[in-house]
Each structure stands twice: as C-alpha cells, then as structure tokens.
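The values are calculated or read from the model by the stated rules, or taken from the named source; none is laboratory data. Just so it is clear, the structure is predicted and the values come from calculations on it, not from any experiment. Heads up, the Cβs are rebuilt from the backbone with ideal geometry, glycines too, and the neighbour counts pull from every protein chain shown. SASA here: full protein model, heavy atoms, side chains in, ligands and nucleic acids out. Shrake-Rupley method; radii C 1.70, N 1.55, O 1.52, S 1.80 Å.
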Amino acid sequence: MKQDRFSRKSFLQKGFRTGAIVSLAPLVSEIFAYGEEDAVSFRENPILYAEKIGLKRPIEKIILTATLAPNSHNTQPWKIKIESDSSFLLYGDPKRQLLSIDPVNRQFYHTQGCFLELAKLAADSLMFDAKINLFPKGIDSVSKTGSSPVAEFRISPKDLCVHDFLFPSLPKRQMNRSVYSGDWITKKETDKLLHLTNASFLDIRFVLGKKEIESFLPTLQNSFAQETNLTAQNEVTRVWFRKSKEEIYSKRDGLTLEGNGISGIKGWAAKKFFLDLSYDGWHSEASKAASIDLFKNQSNSSKGLVFFVTKGKDDAKEWVKTGMDFMRFTLACAGENIAFHTMNQALEDYPESLVFHEEIKSLLGLKGTERVQLLGRLGRSSYKYDSTRRGLEEILI
Ligand SMILES: Cc1cc2nc3c(=O)[nH]c(=O)nc-3n(C[C@H](O)[C@H](O)[C@H](O)COP(=O)(O)O)c2cc1C
C-alpha cells in the first residue's frame, strides 16, 4: 500500500472529485480539530468557511452561517431538519433551555428569532429570498419544548438584485463585555442605529447622558447581584462556563472569561488563581463578589443604554419577532463600530426577578401591556473575542 493514499491532500482531492466530501463533512471537521483559528476565520467569512469544510448546498451554508447569531449563554439551542435543498424546519433544543433563569422560554425564543433573521440575511447574500413561517404547527408548552417547529424556512432565487446591507457587518458583530471608554453615545448615532436596524416589530428606546444612565444602574446591578446570590440561578452560569482552551474549543459552546472581556495576563492570572468551576468554588462568597464587581465595572462604563420594547400579547411568537429585530440591531452596532452588550438580569421571569422589570418599566415610563424584552449597554471598545460555535453535525436532526 502506498503511503500517499492516506495523505491529507490526496484524501481531499479524492473527496472533491467524487463529491464524497459533502457527506464526509462531519468526519473532516473531526480530523482537523477545531481551534481558535477556526473560530476567527468562521466569523471573518462564514460562507467561505462553510465551503472550506466541504459544505456545498446553499441551504447548509445558510444554516451554518446563522449559528453565528447571538444566543442566550451561547447555548446555541437550535435543531434543524433539512427538508429539501430549499427548505428547513427550525426546532428549539429542549436540552439547551435555561429554565432557572428563563422559566417561560422568553430568551430561548428571542434566540430562535436571532437565528432566523441571520439565516434570512445569509440567504440574501447568496442571492435567495427567504420566507419564514412561524410556528406552522402551533406553539409548544414549556414542558413540550422542541416537539413542534418554531419555523419553516424556505428560500427561492432572488428576482431583484437588491441586498440588505447589514450582512457585511457580521464579522465585526460580537457581544462586547469589556469595560467601555471614550465619548458618550450621541442622539445622532442612535438615530443612525435605528435607521440601519429598520425594525419591523420592536420599539427601540435609548437612554443617553450620564445622569440618565446612572438612574438605571442600581436596578441593573441589584438584579445581577440577586441572580448571582441565588444558587439555582448562579448555577446556570457555572454549568455553561468553559475555562481551559481545550474545553472551549472541544465543547464549542458556553461562556468564557475571554468573552467576558478578560484576556491576556489578567485572564491568565484570573484562571490560575481565582476562577474555580467546582460547585463550592463557584458559589463561594469570594467568587460571587468578584463576579458582581466585574458586572459593576462593566455597567458603570455604559455610554448609552438601549431597551427593546413590545406592546401586545407577550407570547412566543412575539419573542421570536423580538429576536429578529434584535439581530438586526446588533449588526447595525457592529457596522457603526459601537460596542454592544445585552444584559438582561433585570428582565427575567423567575419569581424573585419580576420586581426589577417593574422598576425598569417605571423608569422608562412604560404603561399597561408594554414590556421590555431585552436591554443592553452601548459604548466604545476595541476588544475582540470570537466566541465558538458547534459544527453543523451537532444541530442537524
Ligand atoms: C436573548 C439573549 C439574551 C442574552 N442575555 C445576555 C445577558 O444577560 N448577559 C450577557 O452578558 N450576554 C447575554 N447575551 C449574549 C450571549 O451570551 C452571546 O450572544 C453569546 O455568548 C454568543 O456570543 P457572541 O454574541 O459574542 O457571538 C444574550 C443573548 C441573547 C440572544
């Protein structure tokens, strides 16, 4: 047997010639272990990356690209059934719900919306129009999550060569949790963000100026402290936290210190001396105090605040639509080089948290059925971290 029959080059050449690479894509990604470079090059050009790992069908490229959507705790709770070359069904992954902090699945469905909007933008960039049919078989109860599709997604070739201009900002989009510096965000900038987002569902409101921002900080910080001090809620973050490089790049999901804006020497020292993912270590007073302190520093550096408001039934369909506009907003920020960090401890649905939503509502002067779905801080920062995503083989059913 000749040695070169097993060389990487000949293996790939044969694969491309026979088309076998398409079906061997999962195998190829296992052979060439995923690492930091993949996380970077995937975000830099997801379509090219998809092609590089052997995905040929547009529908697969669209799905892989859409996994770059922001998503709660980087759980990536998506399951996809490809129906044909032009359609797929999106399901929520019940194994990736965060019920202690999200008992009604609000953020779970926001996350589905983020995926769908990014899939639509990816399709657009590949010259396809997309039609999204939400909940074609109705909405599952929380205990039956994942039984029925969240959406049917269908593509058809574009008639007009008109593109949505948000997609090119995808490589720069990230949740930027670093401490911000520089000038306050201006009304002119937020007007531009609104224009670029072109929201079809959400009422997006801004709070600008030092004094105005400061009036919200106690609610944001108290809600974060409460969540950290409640064991069941604090446990969610421990379970989804990844510490070592090996764990980050093998599991390819979850939260990291680097994603929290701490890298370099500081990150190294924090990992070596402080960050303890054992149950007792994570829930110790010292660890909780450090986490609350970090959040204070992050939120105190806000140069603007943004609130995503709805008025209506406040049901799963509206949460998905919220996620769709939210996705667009995050891309608008990326395009304008405005750092954005969503932080929703004050808006969660577990009983002890409800009081904070009332506080936010009253600070914003909202009435009746108006509901703040998500909120975030805006600012300036050059911090960059490309969080990981799992491969297609993990989400296809
Ligand atoms: C619905 C939703 C809620 C989120 N809530 C928070 C939050 O409260 N705090 C936070 O730091 N990040 C939050 N995130 C951001 C995610 O953790 C982030 O998108 C994920 O870790 C992937 O990282 P990336 O956006 O940089 O790709 C949220 C994202 C979504 C879609």
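Listed values, structure above:
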| read-out | value |
| --- | --- |
| Within segment 372-397, tally of residues that are closer than 25 Å to residue 317 by Cα and in a strand (DSSP E or B) | 6 |
| Close pairs (7 angstrom Cβ cut-off, 6 or more residues apart or separate chains): closer than 14 Å to residue 179 by Cα and open to solvent by 30 Å² or more (accessible area, probe 1.4 Å) in segment 376-389, part of a strand (DSSP E or B) and more than 8 Å from the ligand (Cβ to nearest atom) anywhere | 380/339; 381/339 |
| The lone exception for residue 300 - which of (1) of a type outside the set (Gly, Ala, Ser); (2) crowded, with 18+ Cβ neighbours inside 10 Å; (3) closer than 19 Å to residue 228 by Cβ it fails | (2) |
| Residue match in segment 48-68 (condition: in contact with a Cys (Cβ under 9 Å, 6 or more places away or on another chain) and either closer than 25 Å to residue 344 by Cα or modelled with pLDDT of 80 or more (or both)) | yes |
| Any pair with Cβ under 9 angstrom, 6 or more apart, that starts in segment 87-101 at a residue that is without any contact (Cβ under 8 Å) to a residue 60 or more places away in the chain and ends at one that is open to solvent by 40 Å² or more (accessible area, probe 1.4 Å) and among the β-branched types (Val, Ile, Thr) | 97/142; 99/142 |
| Matching residues, segment 121-168, being in contact (Cβ under 8 Å) with a residue 40 or more places away in the chain, assigned to a helix (DSSP H, G or I) and charged (D, E, K, R) | 124 |
| Check on residue 89, over 23 Å from residue 45 (Cα atoms) and open to solvent by less than 30 Å² (accessible area, probe 1.4 Å) | yes |
| Flag if residue 203 is without any contact (Cβ under 8 Å) to a residue 24 or more places away in the chain and closer than 23 Å to residue 323 by Cα | no |
| Any hit, segment 324-331, residues being within 30 Å of residue 172 (Cα to Cα), open to solvent by less than 20 Å² (accessible area, probe 1.4 Å) and of a type in the set (Asp, Glu) | yes |
| All positions within segment 347-371 that are in a helix (DSSP H, G or I) and among the small types (Gly, Ala, Ser) | 353, 362 |
| Lone unmet requirement of (1) out of contact with any helix residue (DSSP H, G or I) (no Cβ under 8 Å at 6 or more places or on another chain); (2) within 16 Å of the ligand (Cβ to nearest atom); (3) not hydrophobic (A, V, I, L, M, F, W, C) for residue 350 | (1) |
| Selection within segment 67-86 - away from the ligand (no atom under 12 Å from the Cβ), small (Gly, Ala, Ser) and not in a loop (DSSP other than H, G, I, E, B) | 84 |
| Members of segment 228-249 that are without any contact (Cβ under 8 Å) to a residue 60 or more places away in the chain and of a type in the set (Gly, Ala, Ser) | 244 |
